[in-house]
Amino acid sequence: MEERKISRAVIGRLPRYYRYLGDLMDAGVERISSNDLSKKMNVTASQIRQDLNNFGGFGQQGYGYNVKYLYTEIGKILGLDRSHNFIIIGAGNLGQALANYASFEKSGFLLKGIFDVNPRMEGVSIRGIPVRMMDDLKKFLQENRIEIAALTIPRSKAKEVAEMLVENGIKAIWNFAHTDLNLPKDVIVESVHLSDSLMQLSYNVSSQKAKKEK
């Protein structure tokens, strides 16, 4: 049977479902209808049903969704039922902010190393993990099973570092460097352009002001 291709839009909504369902569990909610879930998420009930039908549906007509079960199943779809070892390249402000974000561990993302080129950062501990120099990176990757690397480095160095990571077995890169990476097709790249997001916000603010001025 041919594997069904899931759109990026659907995949992009899954973390939101997971987050909202987690909030519902914390609030003691045991089941919820697609209509009620749609009101919380500002997504139509039809869209929710379509999204979840890509993976089997999970709901029962007249009953809705079992919150805990759906939360667990979406976690499995997202791969959160297993741990992912990752490293951070770049121990500047953004790299340190990522390292200090404790919620990663709750989702199974385990920070195993932090690397930088600044000798003043060598040995500095961030949440119990000492910053290592880039000279140690290849050996570290050979001795540890690292799945994901987060790049929080200048764009001028991103391509070179990304290629070195791929050559040493990294198959997924979380790219915060303000540049696009052209890597082999079997390497997964998720680029986060913070300025793009801010510009979109600026556009929405400007559009809202323009409507009020009319």
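Rounded to the nearest 500 deg cm²/dmol, what is the calculated helix-only ellipticity per residue at 222 nm for the chain, with -39500 (n - 2.57) per DSSP H run of length n ≥ 4? Walk me through the numbers on the way to the answer.
Details: 9 runs with 98 residues, N = 214.
Value at 222 nm, helices only: -14000 deg cm²/dmol.
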Amide hydrogen neighbours beyond the local backbone of G113, cut-off 5 Å, H modeled: I88
Please list, ordered by chain and number, the residues whose modelled amide H lies under 5 Å from the amide H of S191; skip anything fewer than 5 residues away on the same chain. N175
From the backbone phi of segment 136-141, what are the Karplus-calculated ³J(HN,Hα) couplings (6.51 cos²θ - 1.76 cosθ + 1.60, θ = phi - 60°) in whole Hz, Gly and Pro given as x? 8, 5, 4, 5, 4, 5
Mean accessible surface per residue for the chain, computed with a 1.4 Å probe while every protein chain stays in place, in Å²: 65 Å²
Inter-probe distance in nm under a simple model that places probes 7 Å from Cα toward Cβ, at N144 and D180: 3.2 nm
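Calculate what fraction, in whole %, of the accessible area of the chain sits on carbon and sulfur atoms when a 1.4 Å probe is rolled over the protein chains. It would help to have the intermediate numbers written out before the result.
On the way: 6750 of 13970 Å².
Percent of accessible area from carbon and sulfur atoms in the chain: 48.
Provide the FRET efficiency to the nearest 0.05 for the Q60-V10 pair, computing r from the beta carbons and using R0 = 22 Å. Kindly include the intermediate steps, with their values, before the conclusion.
Numbers: r = 21 Å, r/R0 = 0.97.
For Q60 and V10, the calculated efficiency is 0.55.
Counting alpha carbon pairs within less than 8 Å and at least 6 residues apart, what relative contact order, in whole percent, applies to segment 25-97? Don't jump to the answer; show the numbers that get you there.
Numbers: 40 pairs, mean separation 22.2, N = 73.
Reported relative contact order: 30 percent.
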Membrane-span-like helices (DSSP H runs, Cα span along own axis at least 24 Å, mean Kyte-Doolittle at least -1.0) in the chain -> 8-26, 194-213
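For each pair in K5/K138; K138/K159; K5/K39; K157/K185; K68/K112, compute the distance between the two Cα atoms and list the pairs where it is over 24 Å. Could you put the intermediate results ahead of the total?
Numbers: K5/K138 35 Å; K138/K159 16 Å; K5/K39 28 Å; K157/K185 21 Å; K68/K112 30 Å.
Pairs exceeding 24 Å: K5/K138; K5/K39; K68/K112.
Above 18 Å lies some portion of the pair distances; for segment 157-204, what is it as a whole percent of all C-alpha pairs? It would help to have the intermediate numbers written out before the result.
Values: 390 of 1128 pairs.
Summing the P(r) tail past 18 Å for segment 157-204 gives 35 percent.
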Listed by chain and number, the residues whose amide H is under 5 Å from that of H84, excluding neighbours fewer than 5 places away on the same chain and using placed H, are F109, L110
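The values are calculated or read from the model by the stated rules, or taken from the named source; none is laboratory data. A quick note: this is a predicted structure, and the numbers were derived from the prediction, not measured. Counting neighbours? That spans all protein chains shown, and the Cβs are built from the backbone with ideal geometry, glycine included. Protein only, heavy atoms only, side chains kept; ligands, DNA and RNA dropped before computing areas. Shrake-Rupley method; radii C 1.70, N 1.55, O 1.52, S 1.80 Å.
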